[in-house]
Amino acid sequence: MAGAGLRAAARRWLPCRGHGGPRASSSTPSCPGCGPPGPGAHCPSAPRSAPAPAPAGGAEVSAHLWARYQDMRRLVHDLLPPEVCSLLNPAAIYANNEISLRDVEVYGFDYDYTLAQYADALHPEIFTAARDILIEHYKYPEGIRKYDYDPSFAIRGLHYDIQKSLLMKIDAFHYVQLGTAYRGLQPVPDEEVIDLYGGTQHIPLYQMSGFYGKGPSIKQFMDIFSLPEMALLSCVVDHFLGHGLEFDQAHLYKDVTDAIRDVHVKGLMYQWIERDMEKYILRGDETFAVLSRLVAHGKQLFLITNSPFSFVDKGMRHMVGPDWRQLFDVVIVQADKPSFFTDRRKPFRKLDEKGSLHWDRITSLEKGKIYRQGNLYDFLRLTEWRGPRVLYFGDHLYSDLATYQDAESQQVLAAWLKERQELRCITKALFNAQFGSIFRTFHNPTYFSRRLVRFSDLYMASLSCLLNYHVDFTFYPRRTPLQHEAPLWMDQLCTGCMKTPFLSDMAHIR
């Protein structure tokens, strides 16, 4: 959106509890095949020895390797306390670009999961309704009904390979994170994943999802509503595989997607929320506080949502009050995003109080009126809002090791590799037992994280985070070191900054 005239912002991320699973406690098991961490895996009170000097070779080399390994082990475990998730501040705003709120004059908002924050209780309802639609209308096996929604299974940003029935996490460079590929509800062995992709973890660009998360055979699940969809897709595949039933992967994927869509199109979700807004809508008073504060500081507001007016009106009346429309300069419903941003052919149409369409041509967007559909091109032309003065909030985006030949050094290497795998399992389980963190694979950012940085200037847990900052506040992105910058990596901390081990052994190559 930034390139189209509106500055993209605040694609919603979930606090730690929403990464897909409960926080790991001291009793959290490691993942299959890793086993529990070995003795002394967490030794915060153990003294750290000074880095050993680089020896010339032989037994001294092995002793040096063991010393480095033990230093590294203590250091890393000290950096991974069980409370690591709580270090994330859900009230903070995180910047991908420099943003000065002083320069922002116009604030735009999506409705679902932005102005209206929904309780997690909504996801089981979506899952169950779509599951029943599959059985009753798509004639899927009755046995699928035994599956219930598991909120701890999936996380946002995962990819689904339709032809291989694989749900997996992919990093910013298109590599599958091993240990995070699932077919149905069962993990797929790393060797099989590599074999499925021609002997590599890398997925070519032409197979990856495109600009809006869709590709020829791979779909990325980006928004919060996709969590029950991934869960249902995995459960249905699990049932078919578990009962030896043949199925077409593409048909199954489309049927599940259509069933989830039916829940929205048929208005089932709207009915649940309207029936019990106290149960499903969270922090409505904070939404009112954000909007009122912005208006009090002379900011202009607009709303662009795919939801129908009657649903938005009832929700906004619940959160803000009957005069909520007076806070907004422009209100657009049923916008049909993302085509709203690309398709210039759909005109705006005015709605009356009862939701009926007017036939007259729209030459201006008036405050207090309701408009349907339209497109970004006409929106920018009619409002003359563009560039850095506009900020829009929404929930959807779009080690090589030196080897030594003596046996003891090989033991050091084997111990290090085992310890690394155990640490990976512990770190992964802190966020989600199946897939780990939304934002990282083992080393690299996830594909979701890459898209988050690409399309958004700011991200936060909820809109209420704005209340913690002054309206003239300037956000600056953190400068993250490149590989050749800032000698603060683990190996340099353990060996001494910018010191080269075994330098005497390397003298002969000069």
**Report entry** Net length gained if the chain between GLU246 and ILE194 were fully extended (0.36 nm per residue, minus Cα distance)
**Finding:** 16.3 nm
Query raised in the report: Between ASN89 and ARG283, how many nm apart are label points set 7 Å from Cα along the C-beta direction?
Result: 1.5
Report task. Keeping every protein chain in place, order HIS239, HIS297, HIS202 by accessible area at 1.4 Å, biggest value first, i.e. largest first. Result -> HIS297, HIS202, HIS239
Report task. Specify which residue in the list VAL320, GLY368, SER339 is farthest towards the positive end of the charge dipole of region 303-382, using unit charges on the beta carbon of Lys, Arg (+1) and Asp, Glu (-1), about the Cα centre. Result -> SER339
Report task. Anything over 21 Å Cα to Cα? Flag those among LYS139/LYS219; LYS169/LYS428; LYS266/LYS369; LYS314/LYS369, in the order listed. Result -> LYS139/LYS219; LYS266/LYS369
Requested in this report: Just check region 249-348 against the gyration tensor rule for me: Cα atoms, a ≥ b ≥ c as the square roots of the eigenvalues, rounded for a/c under 1.5, and otherwise prolate or oblate depending on whether a/b exceeds b/c.
Outcome: oblate
Query raised in the report: In terms of solvent-accessible area of protein heavy atoms at a 1.4 angstrom probe, what is the ranking of VAL263, VAL295, highest value first?
Result: VAL295, VAL263
**Report entry** ARG325-TYR469 pseudo-label distance in nm [points 7 Å out on the Cα-to-Cβ vector]
**Finding:** 3.2
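The values are calculated or read from the model by the stated rules, or taken from the named source; none is laboratory data. These numbers come from a predicted model, not from an experiment. We place every Cβ from the backbone using ideal geometry, glycine too, and count neighbours over all the protein chains shown. Each accessible area value is taken on the protein alone, full model and side chains, heavy atoms only, with ligands, DNA and RNA left out. Shrake-Rupley method; radii C 1.70, N 1.55, O 1.52, S 1.80 Å.
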